[in-house]
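The values are calculated or read from the model by the stated rules, or taken from the named source; none is laboratory data. This is a predicted model, so every value here is computed, not measured. Glycine also receives a Cβ, built like all others from the backbone with ideal geometry; neighbour counts cover every protein chain displayed. Accessible surface is based on the protein model in full, side chains and every heavy atom, while ligands, DNA and RNA are left aside. Shrake-Rupley method; radii C 1.70, N 1.55, O 1.52, S 1.80 Å.
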Amino acid sequence: MLSPIEKTLFAIVAVVSLYLASVTFRRMIRIIERGQGRLSWDRPAGRLMTGIKAVVSQNNMIRNRPFVSLAHTAIAWGFILYVAVNLIDVLEGMVPGFVLPGENAAGRIYRLLVDLMTAAVLAGMVVLLIRRFIVKSRTLDVAPQVKLHPGAVDGIKRDSLIVGFFILGHVGFRLLGASFDIAIHGPDPWQPVAALAAGLWADLGPSFQTAGLHASWWIAVGLVLAFLPWFPYSKHAHLFMGPFNLMTSPDRNSPGAMDALDLEDETIEQFGAGRITDLNRTHITDAFACIMCNRCQDACPAYATGKELSPAALEVNKRYYLRDHMKTLATGGVDEEPLLTYAMSESALWACTTCGACTEACPVGNEPMFDILSMRQNQVLMESAFPNELKGAFTGIERNGNPWQMATDRMEWTETLDFKVPTVAENPDYDVLLWVGCAGAFDPGARDTARAIATVMHRSGIDFAVLGNDESCTGDLARRAGNEYLFSMAAEGNIETLNAAGADRKRIVTGCPHCLHTLKNEYGALGGRYEVMHHTQLIADLRIDGRIAVNGEEGTRATYHDPCYLGRHGGEYEAPREALAAAGPNLVEMARSRNRSFCCGAGGAQVWKEEEEGREAVSDNRFREARETGADTLAVGCPFCARMMNDANKRAGEPMRVRDIAEIVAESMQE
Ligand code: SF4
Ligand code: SF4
């Protein structure tokens, strides 16, 4: 029990500490409010549950790096428990006679839980400190070619050290306090860990034990008061901002679905993000939520192949910029610094394949990919500064409706088929619209896939049609490259064509996951709502319905490369595997598959430009992994993956066959 002077001192320090912490938190909120759009807070109960579930289950952490995450989980659970423990300890110190819970079953369970969790937190913290400062895990480093705030390397270490000592000190002294209490009041089987420590002071006399209990209380609680003002200023703000970010993140049709820009609104002067305040509020929140754990960096294909891009460094740089300019930005000061001077280099900006691996990996719901896309919009729409090679693709979409700049017939690919592929004009009552895509229409390799899909549909008796020369590029590459203007032009044209063809009342099937994503997940915001499926989903359905019978070559081994826009962005992992397995080959999985699949390097308009300088091509990295499985066939489900993997195969001396699943199925179909 504290003396009256101690109580007054405690109250003053607590008020000052809470006030200082609240100043920084208020500044953070004001900075977030300077961002664009709104944080999502519809369905508050559901969103609250999302945050609670994430904190309690720690599932987002554990799914990557399970061992380290267990240590983190112990600390996170301890943190939740210690909010209550500290409150009870303070009340016991301040309120005469306050004991909660008392000497009953609840009290025993409480003491046991706190005792065991205390030990778990201490062990977890020691593991994390050893990992960072003794083992020096390389996953915590950022490669030298990546732009990183000069204070970040030491700053992150310093933050970790401070928080490490705070937790060891706070929880350790709480444990010592409990051990002094046992030494004074006698053994307590419900606090086995504290009882062990109590043996140390058993013979030291009541006055020492009481002084020890008193000092431990002050040090344990005092550390909280001392730490509080620094807490929101450091990366450990993620304890609150992480769940807040998860709770307020936007609902997207798919993890990769971009929001439409209102290009018609003449009052808008800025398109995309040139400065940090041009980012959406949710993406400013990302910086405060970031744990600086580098999970996103581990998953990033651009980083893995030595490019200047690290999604983690992007978030760290944003956070340090906000920290350096917190007062100015919070009080409405001008945000002068362009993002590209501190957040990332231009080379990093254009190295992103928009694969979505960073978003998938992040335990606090950060979306570095969307920052990159917003910055690209600024570069294209405001600065007219983008890789020169993209000009050709943009011009092609604008003038010819395809990035290849081909002015030829979009039906040429059908000429070698032994059946006729009808256009919508020839077969207006079709059941399924086959969206061929520009690759299917013009790329020689993808034409084989288009023919295979048409063959499967024809032999299965599906009544289908194509748009023929009325089909035009979906605008996916333009959008991912930041050219929202060109995307919206392409999308509006296609929506008009599709609706005129009645596709809004039918099913669309496509062999291109990029077309699928854009048609299904992004056209809706512009008024085009369609039921769209990938050809492997159609094949899997046809098998279930008994409409196709395949009789493949047994004994062959195939590995399947998940396309980012079908897998991570589309959530489809099973149908391609089912379709492939049905066609005969034994499936051998690559180490990085399904939601952890490694990009082929084509997405995000990469296929239309030179790859940024790095250690190796993304496609070579992926192809090596495919080859290591020992499979003879590399099965793909995307014309751009096919192109990248074919090129890598050629560079490696063609040790594998690269085939789309549609081709493998068509070949193995019984007449
Ligand atoms: S989307 Fe993919 S390439 Fe781009 S930053 Fe994220 S992980 Fe890296
Ligand atoms: S963005 Fe997410 S995954 Fe990347 S470092 Fe920050 S918390 Fe970790």
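Key figures
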item	result
Residue list for the range 225-255, filter: more than 26 Å from residue 320 (Cβ to Cβ) and either away from ligand 2 (no atom under 16 Å from the Cβ) or acidic (Asp, Glu) (or both)	225, 251, 252, 253, 254
The listed residue being under 28 Å from residue 602 (Cβ atoms) and open to solvent by 20 Å² or more (accessible area, probe 1.4 Å), out of 228, 263	263
Helices (runs of 4 or more DSSP H) fully within the range 1-119 counting 1 or more residues that are among the small types (Gly, Ala, Ser)	4-33, 44-57, 66-94
Pick from the range 574-597, criterion assigned to a loop (DSSP other than H, G, I, E, B) and open to solvent by less than 40 Å² (accessible area, probe 1.4 Å), ranking: nearest to residue 517 (Cα to Cα)	597
Residue match in the range 476-490 (condition: farther than 25 Å from residue 369 by Cβ and in contact with a helix residue (DSSP H, G or I) (Cβ under 6 Å, 6 or more places away or on another chain))	no
Pairs, first under 15 Å from residue 359 (Cα atoms) in the range 592-608, second of a type in the set (Asp, Glu) and more than 11 Å from ligand 1 (Cβ to nearest atom), C-beta under 8 Å, six or more apart	594/562; 597/562; 598/625
Yes/no for residue 604 being within 23 Å of residue 520 (Cα to Cα), under 22 Å from the mean Cα position of the chain (by Cα) and among the small types (Gly, Ala, Ser)	yes
Odd one out for residue 114 among (1) touching a helix residue (DSSP H, G or I) at 6+ places or on another chain (Cβ under 7 Å); (2) modelled with pLDDT under 95; (3) not acidic (Asp, Glu)	(2)
Restricting the range 288-342 to residues that are aromatic (Phe, Trp, Tyr) and within 14 Å of ligand 2 (Cβ to nearest atom), the residue that is surrounded by the fewest Cβ atoms within 10 Å (Cβ to Cβ)	320
Selection from the range 357-370 of residues that are surrounded by fewer than 24 Cβ atoms within 10 Å (Cβ to Cβ) and part of a loop (DSSP other than H, G, I, E, B)	365
Test: residue 124 is without any contact (Cβ under 8 Å) to a residue 60 or more places away in the chain, over 30 Å from residue 614 (Cα atoms), small (Gly, Ala, Ser) and assigned to a loop (DSSP other than H, G, I, E, B)	no
Single unsatisfied condition, residue 350 versus (1) in contact with a Pro (Cβ under 6 Å, 6 or more places away or on another chain); (2) of a type in the set (Phe, Trp, Tyr); (3) more than 29 Å from residue 513 (Cβ to Cβ)	(3)
Boolean, residue 453 is open to solvent by less than 20 Å² (accessible area, probe 1.4 Å) and not in a helix (DSSP H, G or I)	no
Out of 151, 155, 212, 186, sole residue that is crowded, with 18+ Cβ neighbours inside 10 Å and either under 30 Å from the mean Cα position of the chain (by Cα) or free of Cβ contacts under 8 Å to residues at least 12 places away in the same chain (or both)	155
Residue list for the range 479-533, filter: of a type in the set (S, T, N, Q) and without any contact (Cβ under 8 Å) to a residue 60 or more places away in the chain	494, 497, 499, 518
Residues of the range 526-563 satisfying the condition of being in a loop (DSSP other than H, G, I, E, B) and surrounded by 18 or more Cβ atoms within 10 Å (Cβ to Cβ)	528, 530, 548, 552, 561, 562, 563
Qualifying residue in the range 99-114 (condition: crowded, with 19+ Cβ neighbours inside 10 Å and among the aliphatic types (A, V, I, L, M))	yes
From 531, 589, residue being acidic (Asp, Glu) and closer than 18 Å to residue 521 by Cβ	531
Those helices (runs of 4 or more DSSP H) lying entirely in the range 237-356 with at least 2 residues more than 15 Å from ligand 1 (Cβ to nearest atom)	238-248, 281-289, 311-324, 326-330, 339-342
Some residue of the range 426-443 being among the charged types (D, E, K, R), open to solvent by less than 30 Å² (accessible area, probe 1.4 Å), touching a Lys or Arg at 6+ places or on another chain (Cβ under 9 Å) and part of a helix (DSSP H, G or I)	no
Residue in the range 540-549 that is more than 17 Å from the chain's Cα centre (by Cα) and within 25 Å of residue 479 (Cβ to Cβ) present	no
Number of positions in the range 1-31 that are loosely packed, with under 13 Cβ neighbours inside 10 Å and touching a helix residue (DSSP H, G or I) at 6+ places or on another chain (Cβ under 7 Å)	0
Test for residue 520: is it at pLDDT 95 or above and under 30 Å from the mean Cα position of the chain (by Cα)	yes
